2 protein chains.
Amino acid sequence: MPLAAATPDVFKAISEAHRREILDALMAGEKAVGAIVTDLSLSQPQVSKHLRVLSAAGLVSCRAEGRRRLYRLEPAHLRPVQEWVARYEQAMNDRMDRLDGYLRQLQGQGERQ
Amino acid sequence: MPLAAATPDVFKAISEAHRREILDALMAGEKAVGAIVTDLSLSQPQVSKHLRVLSAAGLVSCRAEGRRRLYRLEPAHLRPVQEWVARYEQAMNDRMDRLDGYLRQLQGQGERQ
DNA sequence: TTGACATATTCCTCTTGAGGAATAAGTTGA
DNA sequence: TCAACTTATTCCTCAAGAGGAATATGTCAA
């Protein structure tokens, strides 16, 4: 994973399954790198590199405690994604409403016949 | 864009900015490829390839009308993303609540002094 | 200081993916 | 059938990105 992988693009950051797993693991709370390694059965460099990407995207933060580094979720930085999908939830509902209206209309016709 | 790009992975599909723009453009309703091309100032092959990826992910569907192909949004297939982020909204709120409780506690102490 | 430990980084290889140019394929109208 | 039109596909190149192995960096404990 080259340095350039540390893109601050949140959508890119969460597009990788392993990185989503890491975020999921951090939902339980702060964790050291080693804990993530054992939890997810990934290699240590692999986890470090993914954490770097997540960090660049602002999705995790880090504090040092002794020789360990404790990573913590920063869920607020998922907001761009959240807002983006939210607009489509609206679209989903609109479609539902149309379908609903159509069904109601069909039903009305049925009753009139 | 090789064929292998047609991954049915929704997260990968929406990780590309141009593809998100295409989806956004389709929120207004069904559109022909050419319309997307002019709307977004992308090349025609570029749009076709992105539509292929979006289609493989189930995010758009297509119907032929004469020599044109009309693409339509399938917002329901964004559900995996929506559900995934939703879990983090919960995490955000939890954190907010803790912050709120903490502030209240501080305020209480201030009043007592 | 030295050695064990925890994490980060570098170097490498391989695959994936984006985009351009050219072309193929399907459709319509004359 | 032929020419114009619309979209899809192929071939190519280049950059990005993932992962492994080895190593560097930093920290603690004795």
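Laboratory data are not the source of any read-out in this text; all were calculated from the coordinates shown. Just so it is clear, the structure is predicted and the values come from calculations on it, not from any experiment. With ideal geometry, Cβ positions are generated from the backbone for all residues, glycine too; neighbour counts draw on all protein chains shown.
Details
- For B:ALA32, nonlocal amide neighbours, meaning residues 5 or more places apart or on other chains whose placed amide H falls under 5 Å from its own, are B:TYR71.
- With respect to chain B, whose longest principal axis is taken over its alpha-carbon atoms, helix B:44-56 is tilted by about 60°.
- Counting, for every residue in B:95-103, the Cβ atoms of other protein chains within 10 Å of its Cβ and taking the mean gives 1.
- For segment A:3-113, alpha-carbon Rg and Dmax in angstrom: 21.7, 79
- Overall, the anisotropy analysis places the protein assembly as shown in the oblate class: the square-rooted eigenvalues a ≥ b ≥ c of its C-alpha gyration tensor yield a/c not less than 1.5, with a/b not exceeding b/c.
- When both segment A:30-100 and segment B:1-70 are represented by their alpha-carbon centers, they are found 27 Å apart.
- Low-density loop positions, trypsin sites (Lys or Arg not before Pro), segment B:61-113 - DSSP coil, at most 12 other Cβ in 10 Å: B:ARG67
- Per-residue ellipticity at 222 nm, computed for the protein assembly as shown from helices alone with -39500 (n - 2.57) per DSSP H run of at least four residues, works out to -20000 deg cm²/dmol.
- For chain B, the relative contact order is 26 percent, taking Cα pairs closer than 8 Å that sit 6 or more residues apart in sequence and dividing their mean separation by the residue count.
- Taken over segment A:53-113, the alpha-carbon convex hull comes to 92 cubic angstrom per residue.
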